Amino acid sequence: MPKNYLSYLKKIYKSVIFRRAVLSLLSLLGLSLIIFTLARVMPGDPARMALGPRAPEEVVQRYRELLHLNEPLYLQYYYWLRDLFQGKLGISLVSFREVSIDIAEFLPATLELMMLTAIIQIIGTIVFGTLSGSRPGSIIDGALRVFAYIGICIPAFAWALFLQFIFSYQLGWFPPTERISPGISIPRVTGFMTIDALIAGNFNAFVDALWHLFLPSLALALGAMAQEARILRSAMVENISKDYVLTFMSHGLPYRLVYFKYALKPSLVSTIPVMGLDIASLIANAFMVEIIFNWPGLSKFGITAMLRKDLNGIVGVVLVAGLIYTITNIIVDVIITLVDPRIRYGGGGE
Amino acid sequence: MSEASTLLKVEDLYVKYRSYWYTYHVLDGVSIRIKPGEKVGLIGESGAGKTTLLKSILRILPPQGRITKGKILYKDINLLRCSKGTLLEIRRKKVGMIFQDPLAALNPVFTIKEQMVDILKYIYKGSNYKKSDLENIALELLREVMLPDPERVLNSYPFQLSGGMRQRVVIAMALASAQELLLADEPTTNLDVTIQAQILKLISNLVEKRRLSMVLVSHALGMVRSMTKRIYVMYGGNIVEEAPSSKLFNEPLHPYTQLLIENAPKIIATKLGEGIKGNPPDYRYPPPGCRFHPRCPYAMDICKKVKPLLIKVNNDRYVACHLYAEKDMIKKLEV
Ligand SMILES: Nc1ncnc2c1ncn2[C@@H]1O[C@H](COP(=O)(O)OP(=O)(O)OP(=O)(O)O)[C@@H](O)[C@H]1O
Ligand SMILES: [Mg+2]
């Protein structure tokens, strides 16, 4: 029995995903050190900024001591780490609350945005990539090519401004800002507006929240989607001439099944890592779009933290972003393993 | 030979591949025919267009490939004109194809079970089989191709099986669809020499047992000779000779066939045509006249100008070569 247990542990240790997780944790630690130092060597006096110009010097001085600002950097980092292991990120100099509490308030809005963006991005990529890749040279293929060039050139914040101008201010089909219409209030449980609406059993609020989510998600999804659909397309074009797809044609399977199953899945193997990277980067890329749509997400907290030199706030935001990025990447690794059995069973290269 | 006794007839088929810059004129007026129950061989060096011909028959050329001219008649159905439903029906239940490379013919990201059940689902469409029934049919097929432990094979991914096992799976799948005609495209490339003979023997037995017609492409000339009654020789996208198998080997007529048989490898692992001087034609700019003339030891003036047609030289032998044209015919053509 103990022997079994040991071999099981060995297996975990050997698994790629476990190693990547450990490696990611280490790099997060490194990231914390860098951002911690950077935040402190930037010019400006955080204690003075927090308390305002009219606060008496001795109060400010006491505040500095409280934050260990007078001590050497390595000691400061040591104190910060000690707190971190107790689950504390330190007190925000802006809100005077624990940073983790602040972040917990703003993060769900960003995560919700990321999720809808990911859904739009994945569905769009698969539909456009497969349709155009299975018929290279067709009208749909040409249209995707044009769309892809435009999509790649235009950054997400420009899409955001454009979509907001057309669909909110001109046509009025979608709300221009915020997460939910004024007047609708639902009790906060998870912080995800859509989920909370469902929990409250308020279907109208659910639709309203989705309505608010749509434009910013679309703005974030478009560029990445265009690029990924092109990548999927070229993988498809290559795969549809392969014997392992033609086999199914030769047996008289319907074309749609052949393309959307037997050509798509092998093609996804090369597309998923790119999709995953794009989705993971959303945590940082969403900043500008959140501002344009006045989205009360991580950007709102992060930007105030930077402008006000909220030391713990800055480090907290960067670390949480890093953590989300890491977790997303690990999830993507798991998905790749599920799609490609050759990786799952560790080897079997042709 | 009357229409009724022909199972498959390809007439004057032209196939081109298009890439961004070039057009490859591969099949150049190919005609073949197969009678019910007949087994014919198709030989020629690498790049002759054998796979292209077989894929054209099932209309599964890659998107770059186009059939530009010709007729493909399956019984009385013109496969180039028929409805999509008819074509699918023929692919499902009449004609099966064994692909050239066993390592490449199975989808790497699905289990054998998933792939076979999907195929069988459409072959037995409308007969109300449940998934478990289809799995049993799949097991039965795997047993028929002598796979040990078919349950394990069914639950495996292709990369978990050896080359020989994979090729048996491919044969089992082809058998499911080949209820009348089997197109076997070099069923033994990329396999160990010892396994090659086994696999060919297996195919031979199965075809016999099920009374199938077959087109066999192979570099193993000895096996082709013993497994088929008639052989087509292909060079550069043309059929250059057609003869009963034994006669072809005893007395090859076309200069290319002569070289091919002379240089045939003693062991079956290597490719045909390796010893022949020169290169296969460049399909972007195929040589005018006879496509073989740049490599032909007997090339004459006319060979560079006029394409020789497949003509009957005696009761069951056909050859496309000016050496065998009647002398006055050549005169007429040269005028
Ligand atoms: N998709 C394609 N695009 C361009 N040329 C192609 C394509 N597929 C095949 N060809 C060319 O067509 C010619 C005939 O190929 P084919 O595969 O039919 O030959 P083959 O007789 O089966 O040869 P082998 O014995 O090597 O299998 C080759 O010169 C090949 O390069
Ligand atoms: Mg071939």
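Each reported figure results from applying straightforward, stated rules to the coordinates on display, with no laboratory input. Everything quoted here is computed from the prediction, not taken from an experiment. Methodologically, a virtual Cβ is constructed for each residue, glycine included, from the backbone with ideal geometry; neighbour enumeration extends over all protein chains shown.
Okay, here's what the table says:
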{"read-out": "Within 10 Å of each Cβ in B:55-64, the average number of Cβ atoms from other chains", "value": "4"}
{"read-out": "Pairwise centroid distance, computed over Cα atoms, of segment B:185-227 with segment A:173-208, Å", "value": "67 Å"}
{"read-out": "In order through segment A:112-125: 3J(HN,Hα) via Karplus (6.51 cos²θ - 1.76 cosθ + 1.60), integer Hz, x for Gly, Pro", "value": "4, 4, 4, 5, 5, 4, 4, 5, 4, 4, 5, 5, x, 4"}
{"read-out": "Shape category assigned to segment B:1-106 from the gyration tensor of Cα positions, a/c cut at 1.5", "value": "rounded"}
{"read-out": "Among the listed pairs A:LYS11/B:LYS113; A:LYS265/B:LYS69; B:LYS84/B:LYS305, those beyond 31 Å (Cα-Cα)", "value": "A:LYS265/B:LYS69; B:LYS84/B:LYS305"}
{"read-out": "Extension reserve of the A:LEU277-A:ALA200 stretch, reckoned as 0.36 nm per residue once the Cα distance is removed", "value": "24.3 nm"}
{"read-out": "Three-way shape call for chain A based on the alpha-carbon gyration tensor, with the a/c threshold at 1.5", "value": "oblate"}
{"read-out": "Burial ordering of B:LEU139, A:LEU268, A:LEU25, fewest other beta-carbon atoms within 10 Å first", "value": "A:LEU25, B:LEU139, A:LEU268"}
{"read-out": "Gyration tensor (alpha-carbon) shape descriptor, segment A:1-143, a/c threshold 1.5", "value": "oblate"}
{"read-out": "Segment A:62-161: Rg to Rh, with Rh as the Kirkwood radius over Cα pairs", "value": "1.31"}
{"read-out": "Mean Cβ neighbour count within 10 Å, used as a protection proxy, ranking A:277-289, A:81-93 highest first", "value": "A:277-289, A:81-93"}
{"read-out": "Selected from A:THR304, A:THR110, A:THR328 as most flexible by GNM, with chain A as the system and alpha-carbon contacts under 10 Å", "value": "A:THR304"}
{"read-out": "Rounded to 5, the percent of DSSP beta bridges in the protein assembly as shown classed as antiparallel", "value": "65 percent"}
{"read-out": "Note, ³J(HN,Hα) from phi for segment A:32-40, Karplus 6.51, -1.76, 1.60, rounded to Hz, x at Gly and Pro", "value": "4, 4, 4, 5, 4, 5, 4, 4, 8"}
{"read-out": "P(r) of chain B over all Cα-Cα pairs, binned every 20 Å from zero, in whole percent", "value": "30, 57, 13, 1"}
{"read-out": "Span-like helix ranges in chain B, DSSP H, alpha carbon extent 15 angstrom or more, Kyte mean at least -1.0", "value": "B:112-123, B:131-144, B:163-177, B:193-210"}
{"read-out": "Extension gain from A:ARG344 to A:ILE101, taking 0.36 nm per residue of separation minus the Cα-Cα distance", "value": "83.6 nm"}
{"read-out": "Shielding of A:236-244 by partner chains, average beta-carbon count, 10 Å", "value": "5"}
{"read-out": "Karplus (6.51, -1.76, 1.60) ³J(HN,Hα), θ = phi - 60°, over segment A:149-158, in Hz, Gly and Pro reported as x", "value": "4, 4, x, 6, 6, 8, x, 4, 5, 6"}
{"read-out": "Compactness index (Cα Rg / 2.2 N^0.38 Å), the protein assembly as shown", "value": "1.31"}
{"read-out": "Relative packing of A:232-239, B:169-176, B:308-315, which averages over residues the other C-beta atoms within 10 Å, highest first", "value": "B:169-176, A:232-239, B:308-315"}
{"read-out": "Two-decimal Rg/Rh across segment A:101-307, once Rg and the Kirkwood Rh are taken from alpha-carbon atoms", "value": "1.06"}
{"read-out": "The protein assembly as shown: calculated mean residue ellipticity at 222 nm from DSSP helix runs of at least 4, using -39500 (n - 2.57)", "value": "-17000 deg cm²/dmol"}
{"read-out": "Between helix A:73-84 and chain A: long-axis angle, C-alpha atoms, 0 to 90°, nearest 10", "value": "70 degrees"}
{"read-out": "Peptide B:102-112, shielding by other chains (average Cβ, 10 Å cutoff)", "value": "6"}
{"read-out": "For segment A:209-259, average projected area of the Cα convex hull in nm²", "value": "5.0 nm²"}
